[in-house]
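This report refers to the structure that appears directly beneath it.
The values are calculated or read from the model by the stated rules, or taken from the named source; none is laboratory data. For clarity, every value in this text was computed on a predicted model and none was experimentally measured. Don't worry about glycine lacking a Cβ; one is built from the backbone with ideal geometry, like all the others, and counts go over all protein chains shown. Calculation scope for accessible area: heavy atoms of the full protein, side chains included, ligands and nucleic acids excluded. Shrake-Rupley method; radii C 1.70, N 1.55, O 1.52, S 1.80 Å.
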Amino acid sequence: MTQKQVKGILMATLEVRFLQEQLEERKRRLEVAIASAPPNSGLSSLLREVDSALDRMAEGTYGICLQCHDTVEPDRLLADPLVQYCLDHLNKPGLAALQRDLDLASELQRNLLPPKGLRAGGWETSYYFAPVGAVSGDYCDLIQSDGQLLFLLGDVSGKGVAASMLMAQLHALFRSLSQMSLPLGQIVTHVNRFFCESVLAGQYATLVCGLAKPNGEVEIHNAGHCPAIVVGRGGVFRIESTGLPLGMFLETEFSATRVQLDAGDTLFLYTDGLSEASNESDEYGVDRIITLVRQQSARQPAELIAACLDDVRAFANGSPSFDDMTMLAVRRSY
Ligand SMILES: [Zn+2]
């Protein structure tokens, strides 16, 4: 492909327009900051880099590696619009800087996770969160409010840094809105709206979220996510998706499923990193998850997750995983 063709494709994407707006905003902020900063603050050289990136956007060479003239990875541009080399052509200091950034992002993301073993309103919980790389596009949170437990588990489209940024945005949106005493359905509708307005075309998130009350009642919304599994003395059943993923359409209705859980009943949520885990010949699949959860239904949440992890590892038989994996178990303890 010639550079001109690459340019055509790149410039046609929403990403470049988005990044251009981002850079112009940063340029404005830099100019304001430079006016009051000490002379050797390094802000002037940053401004030169931003100007150079804007020039490259104008002439259509933005996002093209200076070394090989191939395209620079889009998720890296989203994370840092000033990068000028593809991953293959980063020099040593560049690689070290990238590793530092990833380590920091990974640590920040771990800090967004809820406390381990959280209990609220007669509910006990446990979760497992494993990014396939440094950072994950999976989302998992547990929020206590008014003696109730709000649980959330989702999966942002894509992987890596760009997906983890959207995961952080979901986290912030749900954390803020959950403090406003709104019905859960309204919170999901608001988050969808904010998410639609801020994500790029093609980016979305599947999500299961629920509000567990002290009387055993659980309201669940499944927006395009894998089926949630409920297991207890009444048997096992699936709570299927009743809506589209968040971030796809502005005007989407999200309907709730209501279930009544007794002491000892468990809700099990997971991302497709579990259901789509595979060995040389087969995929793990939802049916295997259901069988395992049924067999292990008397277990505490942490034991259930450990059993599931053992089972999927044995199944994968050493095959590497290619997706982030998250599991969440919520059990009614009394
Ligand atoms: Zn290159």
Fill in the blank from the handout: Quarter of the surface of the C-alpha convex hull for the range 194-334, i.e. direction-averaged projected area in nm², equals 9.4 nm²
Completion exercise
Excluding ligands, DNA and RNA, the carbon-plus-sulfur percentage of the accessible area of the chain with a 1.4 Å probe reads 52 percent
Problem - Protection proxy ranking of 264-274, 36-46, 142-152 - average other beta-carbon atoms within 10 Å, highest first - result: 264-274, 142-152, 36-46
Exercise for the section: Could you work out the local net charge near residue 188, counting Lys and Arg as +1, Asp and Glu as -1, over the other residues with Cβ closer than 13 Å to its Cβ? Expected result: -1
Handout entry: Proximal charge balance of residue 102 [Cβ under 12 Å; K/R count +1, D/E count -1]
Key = -3
Problem - Accessible surface of residue 180 - all protein chains present, 1.4 Å probe, nearest 10 Å² - result: 120 Å²
Handout entry: Residue (of 117, 78, 95) at the positive-pole extreme of the range 60-125, dipole from beta-carbon charges
Key = 117
Problem - Net length gained if the chain between residue 34 and residue 110 were fully extended (0.36 nm per residue, minus Cα distance) - result: 24.0 nm
Handout entry: Ranked order, 204, 62 - accessible area, probe 1.4 Å, largest first
Key = 204, 62
Handout entry: Sum of side-chain charges, residue 250 neighbourhood, beta-carbon under 10 Å (Lys, Arg +1; Asp, Glu -1)
Key = -1
Practice task
Quick one: dipole size for the chain, taken about the Cα centre, charges +1 on Lys/Arg Cβ and -1 on Asp/Glu Cβ, in debye to the nearest 20.
Solution key: 600 debye
Problem - Scattering curve values for the chain, log₁₀ I(q)/I(0), Debye with Cα scatterers, q = 0.07, 0.12 Å⁻¹ - result: -0.35, -0.91
Practice task
Counting only heavy atoms of the protein chains, get the accessible area per residue of the range 106-186 (1.4 Å probe) and round it to a whole Å² value.
Solution key: 39 Å²
Problem - Relative contact order computed over the chain (Cα-Cα under 8 Å; 6+ residues apart), in percent - result: 16 percent
Completion exercise
So, with points 7 Å from each Cα along the Cβ direction, the residue 307-residue 236 label distance in nm works out to 1.0 nm
Problem - Share antiparallel - DSSP beta bridges, the range 43-152, percent rounded to 5 - result: 100 percent
Exercise for the section: Compute the FRET efficiency between residue 300 and residue 262 as 1/(1 + (r/R0)^6), taking r as their Cβ-Cβ distance and R0 = 22 Å, and round to the nearest 0.05. Expected result: 0.85
Handout entry: Restricting the range 46-141 to trypsin sites (Lys or Arg not before Pro) in coil, as DSSP defines it, with at most 15 other Cβ within 10 Å
Key = 116
Completion exercise
Rounded to one decimal in Å, the inverse mean reciprocal Cα-Cα distance for the range 100-249, i.e. its Kirkwood radius, is 15.9 Å
Problem - Helix-derived mean residue ellipticity, 222 nm - over the chain, DSSP H n ≥ 4, -39500 (n - 2.57), to 500 - result: -13500 deg cm²/dmol
